[in-house]
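Engineer: Submitted below is the structure of interest, expressed as structure tokens.
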Amino acid sequence: MHGPAVSGWLLMALCALTGAYCLLRTRSGTGEERRTARAEALMGFGMAAMAVPAAVVAPPAWGWAVYAALFGVAALRALWFSRRSGHHLHHLVGSSAMVYMAVAMAGPGGAAHGGHGSHTMAVAGGAPLLTGLLLAYYAAYVLRSGARLIPVAATTTGGGIVAGGPPSAGWADRPELALACRLTMGIAMFAMLLTL
């Protein structure tokens, strides 16, 4: 992730907090919910590490290969679990996008973690098309997730309005918070892809 240092730090903090909340979600729920939360925590922390401003901490050249390998394995895992849940297809797209960004950063002009511009073209002949497709996917994902956060029907209990999960649900068990985390990571991924 490149750009002004302040926006990089803000994006890093947002992704790290999202990853931490997803890690908290791994402590409860069904096996499928815990698997999903682990995948989302990995994505949040990976995006946070990628968003650290290069002027402060320049990753070693081999770091991008580690990112690519780690998220390549995550993509294969998501592909395997997509047999059970369609949401893992989104994890497959996200992990593949992380591999794509790591490869772009390791390519000519990206190894120094400098400005993006023309080095994306060096990844592959169709890289601008792939970037555009990923941007379109994440734009649609963000709009869809944002629309799902708007409560369709709020229920009244006592004197107040409760939207989302039950009032006694703990922080880790709130479905609207999990959806907000997914929305946050979608926006962050869109922002990171814009810099390619």
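Readers should treat all values here as calculations from the given coordinates under stated rules, not as data from a laboratory. These figures come from a predicted structure and were not determined experimentally. Note: ideal-geometry Cβ built from the backbone for every residue, glycine included; neighbour counts use all protein chains shown.
Engineer: Output needed for segment 46-96: three equivalent-ellipsoid semi-axes, defined as square roots of 5 times the C-alpha gyration tensor eigenvalues, in descending order, whole Å.
Structural biologist: 27, 11, 5
Engineer: Ordered by packing density, taken as the mean number of other Cβ atoms within 10 Å over each peptide's residues, highest first, how do 72-84, 18-30, 176-188 rank?
Structural biologist: On the way: 72-84: 15.6, 18-30: 17.5, 176-188: 19.9.
Put in order of decreasing packing, that is 176-188, 18-30, 72-84.
Engineer: Of the listed peptides 44-50, 64-70, 86-92, what is their order by residue-averaged count of other C-beta atoms within 10 Å, with the highest listed first? Kindly include the intermediate steps, with their values, before the conclusion.
Structural biologist: Working: 44-50: 21.6, 64-70: 16.1, 86-92: 17.7.
The densest-packed peptide leads the list: 44-50, 86-92, 64-70.
Engineer: Taking the inverse of the average 1/r across all pairs of different Cα atoms in segment 1-106, what Kirkwood radius in Å do you get?
Structural biologist: Taking the inverse mean of 1/r over all distinct Cα pairs, segment 1-106 comes out at 14.2 Å.
Engineer: Just to be sure I understand the model, the point goes 7 Å from the Cα along the line to the Cβ. What's the resulting R34 to L135 distance in nm?
Structural biologist: Between R34 and L135, the simple spin-label model gives 4.1 nm.
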